[in-house]
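The values are calculated or read from the model by the stated rules, or taken from the named source; none is laboratory data. None of these values were measured; they are calculated from a predicted model. Cβ: placed from backbone, ideal geometry, glycine included. Neighbour counts: every protein chain shown. Note: areas computed on protein heavy atoms with side chains; ligands, DNA, RNA excluded. Shrake-Rupley method; radii C 1.70, N 1.55, O 1.52, S 1.80 Å.
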Amino acid sequence: MCGIVGHVARSCSTRPLEVVMDGLSRLEYRGYDSAGVALTHGEVDDGSELTVVKAVGKLTNLRAALAETPTAPSRSAIGHTRWATHGQPTLVNAHPHVSMDHRLALVHNGIIENADVLRAELRAEGYRFVSETDTEVVVHLLDRAFHDADLPAWEGELAGLTGPDSDRGRALVAAMLAITPHLQGTYTLLALSEEVPGLIVAARRSSPLVIGVGEGENFLGSDALAFASRTTDAVEVGQDQVVGVTAEGIVVLDKEGAVLEPHHFSVDFARERATKEGWSTFMEKEIHEQPRAVAATIADRLDATGHLALDELRIPESILRGADKMIIVACGTASYAGLVARYAIEHWCRIPVEVELAHEFRYRDPVVNEKTLVVAISQSGETMDTIMAIRHAREQGARVIAIVNTPGSTISRESDAVLLTHAGPEIAVASTKAFTAQIAATYVLGLYLAQVRGNKYADEVEDYMEKLERVPEAIQWVLDRAESVRQVARSMADIDSMIYLGRHVGYPVALEGALKLKELCYIHAEGFAAGELKHGPIALIDEGQPVMIIVPTPRRPELHNKVVSNIQEVRARGARTLVVAEEGDTSVDEYAEIVFRVPRTPTLYMPLLTVVPLQIFACELAATMGHDVDQPRNLAKSVTVE
Ligand code: AGP
């Protein structure tokens with residue numbers, strides 16, 4: 001939550017502002033309650049200045065504010081797009097926050113848990129607060145340390161800074177090192193001061209920060225996406241590290257101020273394609289990218305002998321063989337991918353699989369030990385609840401396998417092994433292609449484990465993989481019929497609730513369909529296991545209640561026939577029945593008002609198809625209702641606070 005961008009150059013120009021605004025537009029998915037920038041202008045010798053421009057609401061409002069009051073060329077800039085935690089989404093609460101003398105500015109992602117105590121202490125010393133945010137505490141603390149004559153300056157070098165610039169730069173680094181041990185909670189902090197315009201000082205704990213290495217300029221971002229088109233060379237910032245970034249260099253420090261060797265990694269070029277490419281929304285584009293996302297995720301996994309070879313899974317086979325339990329931890333849509341995975345992994349590997357919401361996991365004192373395999377599923381790789389769950393699991397001795405879409409993300413760095421979903425950047429807040437890619441990745445993992453643990457022979461694994469490789473074509477088949485789903489959605493703009501029913505792997509699909517409707521259309525929607533219907537939810541059915549039912553293949557009559565009975569049961573009580581059913585399954589025709597078809601596919605792979613009409617339905621209904629499909633209200637793409 002909250003997107004942070006920074007840029008520092010050798011001399012003043014319009015580039016820092018351009019880079020930061022472009023970066024913010026790429027990170028706006030992280031929050032859009034307000035946005036702001038702080039810029040330093042001029043040189044220390046002939047009078048430097050700090051400008052801060054902020055606006056409530058989406059980035060377009062900040063653009064308008066900047067157009068109305070153009071800023072002077074700048075040497076460095078920091079920017080922030082906010083998802084409000086402490087304080088309403090108002091102008092005073094918008095970042096950057098500034099010191100009382102308006103010479104130091106700071107942006108923050110995370111939550112300072114001891115802000116109240118620190119605020120009281122600063123108030124007693126005469127510091128005045130204008131906002132309700134926890135962040136304002138940090139800017140005052142930093143300013144106090146920066147101007148503390150007794151605080152020894154950090155002793156190292158900041159490339160390109162000389163004379164008084166260098167002295168003030170080292171003082172600012174020392175100030176950041178001095179305050180961070182007093183902050184409890186999570187943070188990424190970026191600060192700049194007009195006293196040293198060629199420097200950005202940053203720090204992180206449990207919130208993301210990466211640095212992009214340029215030539216004669218450097219970049220900072222919550223996500224490499226912020227600067228992906230400008231450099232491929234990035235530097236990781238680890239837990240509790242502090243960095244000083246000038247145009248000429250980057251120093252990465254541990255919390256004691258010792259200089260560390262920077263760890264470089266390459267920024268994925270595919271991330272550059274984060275544009276709508278002719279679609280009117282990112283969500284539509286991403287729904288239609290699913291055949292490619294699934295195909296890329298499962299591609300090149302089999303070796304010449306038909307064995308699955310997962311180079312990324314660097315956990316000794318003996319440990320995988322000895323595991324006696326798997327726990328999948330994830331949140332939201334990713335947890336539903338985990339629920340789907342459970343059916344396949346238990347069936348193929350004969351290992352018990354629990355699926356747990358990451359935020360519930362560690363608080364219930366779960367039974368986890370070195371024989372437990374924990375699988376964390378996350379698109380962003382930055383979901384704080386999931387990060388805390390994997391930390392807890394590793395402390396108990398479990399091995400953690402991450403299924404993530406974002407290389408270099410915190411979850412991927414903190415896990416023992418990583419299986420990447422190759423869905424490409426997912427920008428729309430509502431997850432679509434990441435979900436199907438996550439399911440595909442769990443299938444690859446499940447088949448790999450089945451092979452390693454001796455539950456499946458190589459030819460059986462090859463057979464499952466071959467069938468999985470046909471799924472992208474089947475998803476395309478569903479997408480080719482998207483217009484009929486859109487038409488139905490357009491005709492239902494008056495609904496005020498929706499019930500989703502599914503059985504077996506259709507149950508998590510029902511949960512996901514309901515989540516898509518809630519987050520996009522702001523109407524009450526709920527997914528139920530179809531078998532649960534008569535245990536209570538059927539009381540919700542009255543005349544005209546829309547019910548979406550995901551019907552299993554007729555080739556599994558023990559599942560199929562019961563769900564067809566459920567359609568009849570709700571229909572008999574006046575429900576409007578919308579049904580997702582396999583091509584050729586005529587048994588539903590009599591009871592379904594509307595049928596969305598999916599092609600015949602193995603039962604375990606059906607969620608990869610049946611979810612698609614539900615995504616299209618929610619997307620089109622939201623657009624018909626006039627909602628912002630890509631940036632639904634109150635949400636942010638990555639939930640980086642607990
Ligand atoms: C789904 O549409 C949401 N965006 C949300 O439930 C999301 O899946 C969840 O917050 C987990 O995010 P992650 O995959 O980035 O960890």
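From the largest down, the stretch 446-561 spans 52, 36, 27 angstrom on the principal axes of its Cα atoms.
Pairwise alpha-carbon distances in the stretch 590-642 exceed 15 Å for 66% of all pairs. For the chain, the relative contact order comes to 12 percent (Cα pairs under 8 Å, sequence separation of at least 6). The lysines whose alpha-carbon is closer than 17 Å to the alpha-carbon of LYS58, local same-chain residues fewer than 8 away aside, are LYS637. Here the translational diffusion coefficient of the chain follows from Stokes-Einstein with Rh set to the Kirkwood radius across Cα pairs; for 10 °C and 1.306 mPa s it amounts to 61 µm²/s.
Where the alpha-carbon atoms of the stretch 279-355 are placed on the principal axes, they occupy 50, 34, 21 Å, in descending order.
In the stretch 173-291, what is the volume of the convex hull around the alpha carbon atoms, normalised per residue and reported in Å³? Each step should come with its number before you reach the end.
Numbers: hull volume 16.9 nm³, N = 119.
So the per-residue Cα hull volume is 142 Å³.
Checking the a/c ratio against 1.5 first, then a/b against b/c, what shape does the Cα gyration tensor give for the stretch 253-385? List each step's numbers first, then the result.
Numbers: a/c = 1.41, a/b = 1.14, b/c = 1.23.
Note, shape of the stretch 253-385 comes out rounded.
Placing dummy labels 7 Å off each Cα toward the beta-carbon, the span from THR586 to GLU558 is 2.8 nm. Straight-distance candidates among the aspartates and glutamates for linking to LYS371, with alpha-carbon spacing under 17 Å and chain neighbours fewer than 8 residues away dropped: GLU317, ASP324, GLU346, GLU354, GLU395, ASP416.
In plain terms, the chain from TYR457 to ARG470 could stretch by 2.6 nm, reckoned as 0.36 nm per residue minus the Cα-Cα distance. Its Cα centre serving as origin, the chain has a Cβ charge dipole (Lys and Arg +1, Asp and Glu -1) of approximately 1480 debye.
Solvent-accessible surface (1.4 Å probe) assigned to PHE129 amounts to roughly 30 Å².
Normalised by the residues of the stretch 142-224, what does the relative contact order come to in percent, with Cα pairs under 8 Å and at least six apart? 22 percent.
Quickly estimate the mean residue ellipticity at 222 nm for the chain, helices only: each DSSP H run with n ≥ 4 gives -39500 (n - 2.57), and the total goes over all residues, rounded to 500. List each step's numbers first, then the result.
Working: 19 runs with 222 residues, N = 642.
It lands at -10500 deg cm²/dmol.
If you sort the three axes of the alpha carbon gyration tensor as a ≥ b ≥ c, you get a/c of 1.5 or more for the stretch 491-550 and a/b no higher than b/c, which makes it oblate.
Just the Kirkwood number for the stretch 382-462, please: inverse of mean 1/r across all distinct Cα pairs, in Å, one decimal. Intermediate results must be reported in sequence, preceding the final value.
On the way: mean 1/r = 0.0713 Å⁻¹.
Its Kirkwood hydrodynamic radius stands at 14.0 Å.
A simple packing score, the average count of other Cβ atoms within 10 Å per residue, orders the peptides 503-513, 317-327 as 503-513, 317-327, with the highest score first.
A simple spin-label model places the labels of ASN114 and GLU642 1.6 nm from each other, with each point 7 Å out along Cα-to-Cβ. Averaging 1/r over every pair of different alpha carbons in the stretch 552-602 and inverting the result gives a Kirkwood radius of 11.0 Å.
Holding the Cα-Cα limit at 26 Å, pick out from LYS467/LYS516; LYS276/LYS516; LYS276/LYS433; LYS325/LYS518; LYS467/LYS534 the pairs that are longer than that. Flagged as over cut-off: LYS467/LYS516; LYS325/LYS518; LYS467/LYS534.
Which FRET efficiency value, to the nearest 0.05, is calculated for SER11 and SER266 with the Förster distance at 41 angstrom and r the Cβ-Cβ distance? Don't jump to the answer; show the numbers that get you there.
Details: r = 28 Å, r/R0 = 0.69.
Here the calculated transfer efficiency is 0.90.
Secondary structure note: in the stretch 221-297, about 100% of the DSSP beta bridges are antiparallel.
With kT/(6 pi eta Rh) evaluated at 10 °C and eta = 1.306 mPa s, and Rh the Kirkwood radius from Cα pairs, the stretch 348-490 diffuses with a coefficient of 94 µm²/s according to Stokes-Einstein.
Over the chain, what percent of the accessible surface lies on carbon and sulfur atoms, probe 1.4 Å?
Values: 11210 of 23250 Å².
Looking at the chain in its full context, I get 48 percent from C and S.
Accessible surface computed residue by residue for the chain, with neighbouring protein chains in place and a 1.4 Å probe, gives 36 Å² per residue. Measure nothing but the geometry: give the 0 to 90° angle between the long axis through the Cα atoms of 163-179 and the longest principal axis through the Cα atoms of the chain, rounded to 10°. Computed tilt is about 50 degrees. In nm, to one decimal, how far is the ASP233 label point from the GLN568 one, both placed 7 Å along Cα→Cβ? A separation of 7.0 nm, rounded to one decimal place. Beta-bridge orientation, the chain: approximately 60 percent antiparallel, per DSSP, counting only bridges with both partners inside. How far is helix 59-68 tilted, in degrees, relative to the longest principal axis of the Cα atoms in the chain, given as a value from 0 to 90 rounded to the nearest 10? The helix 59-68 is inclined about 40 degrees to the chain. Using Stokes-Einstein with the Kirkwood hydrodynamic radius over Cα pairs, what translational diffusion coefficient do you get for the stretch 1-146 at 25 °C and a viscosity of 0.890 mPa s, in µm²/s rounded to a whole number? This corresponds to a translational diffusion coefficient of 159 µm²/s. Relative to the longest principal axis of the Cα atoms of the chain, the long axis of helix 458-469 lies at roughly 80 degrees.
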